[in-house]
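K.L.:
Okay, handing you the structure first.
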Amino acid sequence: MASDPDIALVREDLVILKRDVASLIEHIKGGATNKAQNATNQVERHVRSLRQQAVAQGERSAQAVSVFTEKQSLVALVIAVGIGYVGARVLRRADSMTDRQDCSC
């Protein structure tokens, strides 16, 4: 039976092919995982950089307000009173709107 050795060789080749395909799939998965990890690391670095920039900008803004308040205390007081007045008017208006909605006239 000449076909038995041929079939055995084909089966052996199929086993080898199956092993090679499995190895190739694992290699591709590893490459995709590495690319995803690299992208994640890059995003994390960028987010850290943005956070550091935001913190630095906040500190500069706070310092600028502090210096302005020290140098122009009367102007800062007038601005604070004005903001308080406008805030009170807005809250009073919002409160009166709520009272009108609650009224079942």
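The values are calculated or read from the model by the stated rules, or taken from the named source; none is laboratory data. None of these values were measured; they are calculated from a predicted model. A quick note on method: Cβ atoms are made from the backbone with ideal geometry, for glycine too, and the neighbour counts reach across all protein chains shown.
K.L.:
Scan Ile83, Ile25, Ile7 and give me the residue that is surrounded by 10 or more Cβ atoms within 10 Å (Cβ to Cβ), over 36 Å from the mean Cα position of the chain (by Cα) and of a type in the set (A, V, I, L, M, F, W, C). Outline the logic, then answer.
P.N.:
On the way: Ile83 fails: over 36 Å from the mean Cα position of the chain (by Cα); Ile25 fails: over 36 Å from the mean Cα position of the chain (by Cα).
After applying the criteria, what remains is Ile7.
K.L.:
Okay, next question. Is there any pair linking a residue in the stretch 34-60 that is surrounded by 10 or more Cβ atoms within 10 Å (Cβ to Cβ) and assigned to a helix (DSSP H, G or I) to one that is at pLDDT 95 or above and among the aliphatic types (A, V, I, L, M), with Cβ under 9 Å and at least six apart or on different chains, and which?
P.N.:
Matching pairs, first to second residue: none at all.
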